[in-house]
Amino acid sequence: MRVVLKDDGEALATCARIVEAKGWKHHAENFWRWSADAGHPPGMHGLAMTLHLRGDREEAEGWFRKAAEVGHANSAYALGLAVSERGDHDQAEAWFRMAAEAGEQEAAFALGNLYDDQGELLAAETWWRQAAEQGHAGSMCNLGALNERRDRTDDAERWYRKAADAGSATAARNLGDLYELRGDAVSTERWWRQAAEGGDRWAIFSLAVCLKNRSDLDGAQEWYRKAAAAGDASAMNNLAVLLDEGGDVVQSEAWYRRSAGRGNAMAMRNLGAMYSARGERAESERWYRMGAEAGDVKAMNEYAHSRYGNGDMEEAETWWRRGAAAGDDHAMCRLAKLLHEQGAEAEAGVWRQRVIDSGHVPY
């Protein structure tokens, strides 16, 4: 067949697609290469894609470039992505523009993103509009976000709706956020649910919080589990709280540990509270300290209280100071009390005044 078709790049490319569809990757690559060697731009692009997918980026880029130089829009777009990853934004702009002007909507979207990163919002808007007019959902969503940044919420909503109707889960989530700001709980939940069902991780978490707040605990648990399964440490912690409140202590502890293992400071603090309730003081302190070191102010307070109760005033002062420096009123009050006990009345008075200045009453 190769002898018969050696100069027919289009026929060779067709053969490549047929054998590729059958899963015969090695044979497909041969046909793509023969097509590319025959000077057929789609064959060059097909070969470049095959090489790119198997990790041979350098040769792939070479074929993308050959195809782009003879006007192949998809290759120009792919080449733009390749040089953009290397930080060559001038070349990326040129190749994206070539592809976008040839009608490649992904390239118009990418060019808009490039201009947005450079702060050239009018240029970004121009290219996003071009892609949006061709039905590109991501560009519609970006136009919504751009209008939201300009405080044109009606225009933002219009573009978000178009993008959501075109399948953008991000746009649906953004619509939910807009309605949340307006206090429309029903519409908020509706759009977050659509986004969550579309796989948007933030929407999955937000929907779970929304359901928990209106006491739909089964629904909240269902969506927290989905977010947790996707690796969301905050969802793991919140799921653990629900399970704990429902009396499933074993599963609750397991999820707290998973969340803490991903660095969630609140989960560390909750494990400290769990062990404290069991009377396991050493383990409780260990988790409170971990949470404190991870930046959780409440964990700082709990650890400081524990050390204070154990007579370790130096350590208690250290962590109340950290909490106070973070602006926590309780830490300020406890630090003021400790300083008063130590006779440092002047500094104690300073911290008491800070509590008053923040609108609270020292205790």
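The values are calculated or read from the model by the stated rules, or taken from the named source; none is laboratory data. Worth saying up front: this structure is predicted, and the values here are computed from it rather than measured. No Cβ is skipped: glycine too gets one built from the backbone with ideal geometry, and neighbour counts run over all protein chains shown.
Looking at segment 63-72, can you tell me whether even one residue there is in a loop (DSSP other than H, G, I, E, B) and either in contact with a strand residue (DSSP E or B) (Cβ under 8 Å, 6 or more places away or on another chain) or of a type in the set (A, V, I, L, M, F, W, C) (or both)?
Yes: one or more hits.
Among the residues of segment 152-170, which ones are of a type in the set (Asp, Glu) and either touching a Cys at 6+ places or on another chain (Cβ under 9 Å) or within 20 Å of Arg193 (Cβ to Cβ) (or both)? Give the derivation first.
Just the residues of segment 152-170 that are of a type in the set (Asp, Glu), to begin with: 154-155, 157, 165.
Glu157, Asp165, listed by residue number.
For residues that are polar (S, T, N, Q) and in contact (Cβ under 8 Å) with a residue 24 or more places away in the chain, scanning just segment 187-235, find the one that is nearest to Ser168 (Cα to Cα).
Checked segment 187-235; the qualifying residue nearest to Ser168 (Cα to Cα) is Gln194.
Which residues, taken from segment 311-336, are free of Cβ contacts under 8 Å to residues at least 24 places away in the same chain and either touching a strand residue (DSSP E or B) at 6+ places or on another chain (Cβ under 9 Å) or within 24 Å of Arg281 (Cα to Cα) (or both)?
Matches in segment 311-336: Gly311, Asp312, Glu314, Glu315, Ala316, Glu317, Thr318, Trp320, Arg321, Leu335.
Check Val83, Val70 and return the single one that is among the β-branched types (Val, Ile, Thr), over 25 Å from Leu143 (Cα atoms), outside the structural domain of Cys141 (by TED's automatic domain parsing) and under 32 Å from the mean Cα position of the chain (by Cα).
Working: Val70 fails: under 32 Å from the mean Cα position of the chain (by Cα).
None of the others qualify; the one that does is Val83.
Restricting attention to segment 178-226, report how many residues are in a loop (DSSP other than H, G, I, E, B) and surrounded by fewer than 19 Cβ atoms within 10 Å (Cβ to Cβ). So that I can check it myself, show each step before the final result.
Just the residues of segment 178-226 that are in a loop (DSSP other than H, G, I, E, B), to begin with: 183-184, 198-200, 214-216.
Retained after the next criterion (residues that are surrounded by fewer than 19 Cβ atoms within 10 Å (Cβ to Cβ)): 183-184, 198-199, 214-216.
Total meeting the criteria: 7.
Any idea which residue in segment 163-174 is surrounded by the most Cβ atoms within 10 Å (Cβ to Cβ), counting only those that are more than 17 Å from the chain's Cα centre (by Cα) and on the phi < 0 side of the Ramachandran plot? I'd like the intermediate steps shown before the answer.
Of the residues in segment 163-174, the ones more than 17 Å from the chain's Cα centre (by Cα) are 163-167.
Filter once more, keeping what is on the phi < 0 side of the Ramachandran plot: 163-166.
On the way: Ala163: 27, Ala164: 25, Asp165: 12, Ala166: 16.
Filtering segment 163-174 for residues that are more than 17 Å from the chain's Cα centre (by Cα) and on the phi < 0 side of the Ramachandran plot, the one surrounded by the most Cβ atoms within 10 Å (Cβ to Cβ) comes out as Ala163.
Helices (runs of 4 or more DSSP H) wholly in segment 263-358 with at least 3 residues that are closer than 16 Å to Glu253 by Cα and out of contact with any helix residue (DSSP H, G or I) (no Cβ under 6 Å at 6 or more places or on another chain) - which ones?
Fully inside segment 263-358 and qualifying: 265-277.
Any idea which of Gly39, Gly103, Gly43 is part of a helix (DSSP H, G or I) and touching a residue at least 24 places away in the same chain (Cβ under 8 Å)?
Gly43
Tell me, yes or no, whether segment 134-144 has at least one residue that is farther than 20 Å from Ile204 by Cβ and in contact with a Leu (Cβ under 6 Å, 6 or more places away or on another chain).
There is no residue in segment 134-144 that is farther than 20 Å from Ile204 by Cβ and in contact with a Leu (Cβ under 6 Å, 6 or more places away or on another chain).
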